Amino acid sequence: QQPVQSPQAVILREGEDAVINCSSSKALYSVHWYRQKHGEAPIFLMILLKGGEQKGHDKISASFNEKKQQSSLYLTASQLSYSGTYFCGSMNSGYSTLTFGKGTMLLVSP
Amino acid sequence: SAVISQKPSRDICQRGTSLTIQCQVDSQVTMMFWYRQQPGQSLTLIATANQGSEATYESGFVIDKFPISRPNLTFSTLTVSNMSPEDSSIYLCSVDMGPNGYTFGSGTRLTVV
């Protein structure tokens, strides 16, 4: 079951904040977040395994609400380098494969 | 995390022919995954390749069209057979690095003419 991402696209000025949401109609075992720049492979950002877990590094963090079956990615004080397409990936069990959402295109302008 | 070498990086092929894509991982991994990504779209899983057993294909993908080999724990190939323009896409292999997420090869951009 493909997770649903929102919004589809975000345009920001440098220094602004953004939130990208990922929700599933099925119970979630884990949520992954990736960023992909044009012409490149996706790069892993973080994985969230437990309900209510929050993780982050630098100015990018994420939360996972197991009860609501959703995760959110928070980008604060955005930088030009944050531009790209962000994908969430969901696993419904420890043995399932990773299914990606449709992606959120983020453009940060000077 | 692992490093994956994927070849070729791009190719232009005639319809009706086949192309084999190779992925070499710098460490031993149990499962390798093959994804397809059409321009501007999400990543769709084609199949999971385990060493020593047949690959497991996702709905909509069949072995005759996408045969996969997994001769050892560091290598896998995906063949796109009897190609048509609808097969034009980016094909990516990946491995699951547990808490370090999935690592992807650099991708193969295939154009079928």
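See the values below:
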item: Those residues of region A:26-74 which are open to solvent by 40 Å² or more (accessible area, probe 1.4 Å), within 12 Å of another protein chain (Cβ to nearest Cβ) and aromatic (Phe, Trp, Tyr), in sequence order; result: A:Phe44
item: The one condition in (1) buried (at least 17 other Cβ atoms within 10 Å of the Cβ); (2) more than 27 Å from A:Met46 (Cβ to Cβ) that B:Arg36 fails to fulfil; result: (2)
item: Positions within region B:54-75 being assigned to a loop (DSSP other than H, G, I, E, B) and either open to solvent by less than 70 Å² (accessible area, probe 1.4 Å) or among the acidic types (Asp, Glu) (or both), in sequence order; result: B:Glu54, B:Ala55, B:Glu58, B:Phe61, B:Asp64, B:Lys65, B:Phe66, B:Pro67, B:Leu73, B:Thr74
item: Identity of the residue in region B:1-20, in contact with an Asp or Glu (Cβ under 9 Å, 6 or more places away or on another chain) and in a strand (DSSP E or B), that ends up nearest to the other protein chains (Cβ to nearest Cβ); result: B:Ile4
item: A:Lys55 being at negative phi, part of a loop (DSSP other than H, G, I, E, B) and basic (Lys, Arg); result: no
item: Matching entry among B:Ser5, B:Ser94 (being surrounded by 14 or more Cβ atoms within 10 Å (Cβ to Cβ), within 30 Å of A:Gly56 (Cα to Cα) and among the polar types (S, T, N, Q)); result: B:Ser94
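Here is a yes/no grid of residues against (1) under 30 Å from B:Thr108 (Cβ atoms); (2) not charged (D, E, K, R):
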| site | (1), (2) |
| --- | --- |
| A:Asp17 | no, no |
| A:Cys22 | yes, yes |
| A:Ser25 | no, yes |
| A:Leu48 | no, yes |
| A:Lys59 | no, no |
| A:Ala77 | no, yes |
| A:Tyr82 | yes, yes |
| A:Phe87 | yes, yes |
| A:Thr99 | yes, yes |
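The values are calculated or read from the model by the stated rules, or taken from the named source; none is laboratory data. Only a predicted model underlies this, so the values are computations on that prediction, with no experimental measurement involved. Cβ atoms come from the backbone with ideal geometry, glycine included; neighbour counts cover every protein chain shown. Surface accessibility is based on the protein's heavy atoms, side chains included, excluding ligands, DNA and RNA. Shrake-Rupley method; radii C 1.70, N 1.55, O 1.52, S 1.80 Å.
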